[in-house]
Amino acid sequence: MSTTAATRPVGVDIQESETNRSVVEAIEATNEGCTVQHMPGLVRITAPGRLVVTRESVEERLGREWETHEFQLAIVSYFGHIKEWDDDEIVIAWDH
Amino acid sequence: MTIAPKAPRKLTMKQRYEALTRDLDWEPSYVETSEVFPYTEFEGIKIHDWSKWEDPFRLTVDAYTKYQAEKDKRLYAVLDGFAQSQGHLSLTEASYLNAMKLFLQGVTPLEYQAHRNFAYLARHLNGPGPRFAALCQSIDEMRHTQTEIHTLSNYNKYYGGFHNYLEQHDRVWYLSVPKSFFDDALTAGPFEFLIAIGFSFEYLLTNLLFVPFMSGASFNGDLPTMTFGFSAQSDESRHMTLGLEAIKFLLEQDEANVPIVQAWIDKWFWRGYRVTALVAQMLDYMLPRKVMSWKEAFELYFEEQMLGGLFQDLAFYGITPPKHVEHAIAEKEVLSHQVYWTLYQFSHAAAFTTTFPDAEAQSWLSDNYPGTFDKLYKPLWDKEARNLEAGGRHFVRGLPQLCQVCQIPMLFTEPDDPTTICQRHSEYRGEKFQTCSDGCQWIFEREPEKYVQAWLPVHQIYQGNCGGPTVPDVLAWYGIQEGDGGEYKGSLDAAHWARWHDAADHSHIGSEA
Amino acid sequence: MAVNSIGTYDFPSRSRQELYGDDQLVHVWFQENMWFCASACFRAPKAMTWGDFWNGLLVPYAEEDPDFDPGARRVWTLHGEVIEPRDDQTLEEIGVEHKDVIGMRVLA
């Protein structure tokens, strides 16, 4: 089976916690068509082709400043390729 | 009054990362580059431009230390709370800890070995980007070693099997499986190590290895393990990235690297997959409260995400799914049953206990393995039930044949026949060598001069190198004490557990031993 | 292909026969019997007779299986061929070499 990078699912597993609830909500709001699944201790979010975490949307829900580096405290695992990680956003997508 | 606008950051993440890596690197002027970096050519890998390797995390020293310190603070807060509240009493059952004994004995020492080899990469890779990523990973691996030891030391106060894991890792038969796997990687060149551990282990198989342990901890009341697990896994996502960057970088640098990398993927997928056999039985048999079956975990984390996701991406470079992957897929129906049946009959020589799966456990196995459990394995357990009733307990009175490559007892069956043991024979310099599968045989025959050196525990016992000729001699040499291994029912752990839970007065807990 | 290495790569086998003196390792494969999870590995003198090998090593190991019947008719194989060892033959005479696998199957 051959799939394209545009639609092949990517995903991230996030530790379930108070702070991370805002991160999960932000990802849900930013990524149309994503699926959220609750597993023991974690939340798994998958999306076709591309998944984006933006600083702005997390800060909006958290009510405080949030550096994208802070995402390291939330992430447990992922699949896909981290294409971008800068001050404003994190992008997980396949290259090919 | 006006509120002053927030001062703009002096440098962006990108600029800071550039400053740390590129600007702190230099070209040697009075020695040859090959003298400074002597180990990056002999494997045949061609690199034309090291600056093309960039760490997407763009970590700098300040950001790294800040977040790692925060992770540690959170973990130690949980550990303190757990110890102060007698948290070990809220586990589902003391037998759950067998999974953790296996983890401490089998996995924690590997974290330390990973620390060592990533420190070596941090010195010996030519590019400043990968050097810094390897340095961070080296420190991470040391942190994992320490946090795992600290976490599980809480159980060592009350339960058997935790007290001599380091020496056991170097000596005990079933621990030679993870040890020899990692030794194989440590003795390879830097690029092969990156594909072996950074890519195959950390990216391809990490979810199969760690998520089952952590979810098992979560379901079975083991808060500290779950916390260290997630704390370690958050670093793991950085390690996965290093592994994926490594492979893409090698493939993009030169077309001649493609077949070399492919052969390493073929080898290291199978090596790593064989180690996960220990995880398979843990998930299906050792957890009192089940999370998911091995089959389900394999389908989700490997077939769906790796074969369906990653390898589609790597196809662009001409990389194909690993050799012998079809055998791993075929084995998902039988693997955990065969491995647990083996550990069950050899646990008198182990630092963990096993027990007969009760009716509820067997019905779960039957539901999750409708094609194989009732037909192939239930009859064995039925026979063992009769054996137990007659006062027996299936412990093998001798030593098994081991695979020359993975060092697991030769318990695996033919890919198309789950009732016939797979025996593969090779000869090298007039000596016979047996392997457990086409995968291990292919690995042996590719580099026989490496695997003839295998320290096979059974052969070493017969050569007289393991404390003496009798089972008690060998167990003493292993540092296995009364209460560490054997049958769980009636064991010291089981007796203590029952006493602690029945007693009205808990003041004596921990003072039994 | 050979190991890529930074120097001469030539090491002896850690399981070679000379490490066992006059003995050798012998594997016995319990075919069509899943009770024993894997083949057994024994250390036995090359000059040990088949009778001693059977009574002294194999039976004590195999009788842990509650269905073990020492008198059952068995088919033995070595190097892919059926063999019919006699009790007075030594392992060497039977053709058993270091780390060989002897197949053992009970006839129904």
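The values are calculated or read from the model by the stated rules, or taken from the named source; none is laboratory data. The shown structure was predicted, so the numbers you read here are calculated from the model rather than taken from an experiment. Cβ atoms come from the backbone with ideal geometry, glycine included; neighbour counts cover every protein chain shown. The protein model used for the area step is the full one, side chains on, heavy atoms only, and it has no ligands, DNA or RNA in it. Shrake-Rupley method; radii C 1.70, N 1.55, O 1.52, S 1.80 Å.
Please verify whether the range B:279-299 includes one or more residues that are more than 20 Å from the chain's Cα centre (by Cα), hydrophobic (A, V, I, L, M, F, W, C) and open to solvent by less than 10 Å² (accessible area, probe 1.4 Å).
no
Anything in the range B:240-269 that is surrounded by fewer than 21 Cβ atoms within 10 Å (Cβ to Cβ) and either over 22 Å from A:F79 (Cα atoms) or of a type in the set (S, T, N, Q) (or both)? List them, or say none.
B:Q253, B:D254, B:E255, B:A256, B:V258, B:P259, B:I260, B:Q262, B:A263, listed by residue number.
Select from the range B:187-222 the residues that are among the small types (G, A, S) and within 11 Å of another protein chain (Cβ to nearest Cβ) and write down the one among them that is surrounded by the fewest Cβ atoms within 10 Å (Cβ to Cβ).
Looking at the filtered set, the residue picked out is B:G189.
Tell me, which helices (runs of 4 or more DSSP H) lie completely within the range B:159-238 with 2 or more residues that are among the hydrophobic types (A, V, I, L, M, F, W, C)? First the steps, then the outcome.
Values: elements: B:165-171, B:176-186, B:190-193, B:206-219.
Per the criteria, B:176-186, B:190-193, B:206-219.
Determine the pairs where a residue that is within 14 Å of chain A (Cβ to nearest Cβ), located within the range B:312-330, has a partner that is among the small types (G, A, S) and open to solvent by 30 Å² or more (accessible area, probe 1.4 Å) with Cβ atoms under 7 Å apart, the partner being 6 or more residues away or on another chain.
What qualifies is B:Q312/A:S2.
Please list, ordered by residue number, the strands (runs of 3 or more DSSP E) wholly in the range C:1-100 having 2 or more residues that are over 30 Å from B:P190 (Cβ atoms) and at the interface with chain B (Cβ under 10 Å from one of its Cβ atoms).
Counting at least 2 such residues, we get C:23-30, C:40-45.
I need the strands (runs of 3 or more DSSP E) fully contained in the range A:1-75, keeping only those with at least 3 residues that are closer than 22 Å to B:V291 by Cα.
In the range A:1-75, A:9-15, A:35-39, A:42-48 are the strands (runs of 3 or more DSSP E) which contain 3 or more residues that are closer than 22 Å to B:V291 by Cα.
Considering every residue within the range A:41-56, establish whether at least one is basic (K, R), in contact with a Gly (Cβ under 9 Å, 6 or more places away or on another chain) and away from chain B (no Cβ under 12 Å). Give the steps one after another, and end with the answer.
Of the range A:41-56, the ones basic (K, R) are A:44, A:50, A:55.
Those still in the list that are in contact with a Gly (Cβ under 9 Å, 6 or more places away or on another chain) too: A:44, A:50.
From what's left, away from chain B (no Cβ under 12 Å): A:50.
So far as the range A:41-56 goes, yes, one or more of its residues are basic (K, R), in contact with a Gly (Cβ under 9 Å, 6 or more places away or on another chain) and away from chain B (no Cβ under 12 Å).
Here's a check for you: in the range B:405-436, which residue that is more than 8 Å from chain C (Cβ to nearest Cβ) and within 20 Å of the chain's Cα centre (by Cα) is farthest from B:K450 (Cα to Cα)?
Filtering the range B:405-436 for residues that are more than 8 Å from chain C (Cβ to nearest Cβ) and within 20 Å of the chain's Cα centre (by Cα), the one farthest from B:K450 (Cα to Cα) comes out as B:F412.
Which one of A:T68, A:T3, A:T46 is touching a residue at least 12 places away in the same chain (Cβ under 8 Å) and open to solvent by 10 Å² or more (accessible area, probe 1.4 Å)? Even if it seems obvious, please write down each step before you answer.
Working: A:T68 fails: open to solvent by 10 Å² or more (accessible area, probe 1.4 Å); A:T3 fails: touching a residue at least 12 places away in the same chain (Cβ under 8 Å).
Of A:T68, A:T3, A:T46, the one residue that is touching a residue at least 12 places away in the same chain (Cβ under 8 Å) and open to solvent by 10 Å² or more (accessible area, probe 1.4 Å) is A:T46.
So B:D417 passes all but one of these: (1) open to solvent by 20 Å² or more (accessible area, probe 1.4 Å); (2) closer than 27 Å to B:K332 by Cα; (3) touching a strand residue (DSSP E or B) at 6+ places or on another chain (Cβ under 8 Å). Which condition number does it fail?
Failing condition for B:D417: (3).
Do we find a residue being open to solvent by 30 Å² or more (accessible area, probe 1.4 Å), among the hydroxyl-bearing types (S, T, Y) and touching a residue at least 40 places away in the same chain (Cβ under 8 Å) anywhere in the range B:458-480?
Scanning the range B:458-480 turns up at least one residue that is open to solvent by 30 Å² or more (accessible area, probe 1.4 Å), among the hydroxyl-bearing types (S, T, Y) and touching a residue at least 40 places away in the same chain (Cβ under 8 Å).
Among the residues of the range B:52-77, which ones are open to solvent by less than 50 Å² (accessible area, probe 1.4 Å) and away from chain A (no Cβ under 12 Å)?
B:W53
Looking at B:G106, B:G127, B:G87, which one is over 27 Å from the mean Cα position of the chain (by Cα) and either touching a residue at least 12 places away in the same chain (Cβ under 8 Å) or surrounded by fewer than 18 Cβ atoms within 10 Å (Cβ to Cβ) (or both)?
Values: B:G106 fails: over 27 Å from the mean Cα position of the chain (by Cα); B:G87 fails: over 27 Å from the mean Cα position of the chain (by Cα).
The conditions single out B:G127.
Which strands (runs of 3 or more DSSP E) does the range B:415-458 wholly contain that include 1 or more residues that are aliphatic (A, V, I, L, M)?
Output list reads B:417-421.
Is it the case that some residue within the range B:34-42 is touching a Phe, Trp or Tyr at 6+ places or on another chain (Cβ under 7 Å), open to solvent by 70 Å² or more (accessible area, probe 1.4 Å) and more than 30 Å from B:A217 (Cα to Cα)?
no
May I ask you to list pairs of residues, at least six apart or on different chains, whose Cβ atoms are under 6 Å apart, with the first in the range B:399-419 being in contact (Cβ under 8 Å) with a residue 24 or more places away in the chain and on the phi < 0 side of the Ramachandran plot and the second being part of a loop (DSSP other than H, G, I, E, B) and hydroxyl-bearing (S, T, Y)?
B:Q401/C:S39; B:M410/C:S39; B:F412/B:S437
Any idea which residue in the range A:81-95 is surrounded by the most Cβ atoms within 10 Å (Cβ to Cβ), counting only those that are facing another protein chain (nearest Cβ under 7 Å) and assigned to a loop (DSSP other than H, G, I, E, B)?
A:W94
Does B:R386 meet the test of being at the interface with chain C (Cβ under 9 Å from one of its Cβ atoms), surrounded by fewer than 17 Cβ atoms within 10 Å (Cβ to Cβ) and in a loop (DSSP other than H, G, I, E, B)?
So B:R386 does not fit the description; no.
Would you call C:E32 charged (D, E, K, R) and either more than 30 Å from B:T413 (Cβ to Cβ) or open to solvent by less than 50 Å² (accessible area, probe 1.4 Å) (or both)?
no
Restricting attention to the range A:18-40, and to residues there that are open to solvent by 40 Å² or more (accessible area, probe 1.4 Å) and hydroxyl-bearing (S, T, Y), which single residue is farthest from the other protein chains (Cβ to nearest Cβ)? Break it down stepwise before answering.
Filtering the range A:18-40 for residues open to solvent by 40 Å² or more (accessible area, probe 1.4 Å) gives A:18-19, A:21, A:25, A:28-30, A:32-33, A:35-38.
Going one step further and asking which of them are hydroxyl-bearing (S, T, Y), we end up with A:19, A:30, A:35.
Numbers: A:T19: 11, A:T30: 19, A:T35: 13 Å.
Ranking the qualifying residues of the range A:18-40, first place goes to A:T30.
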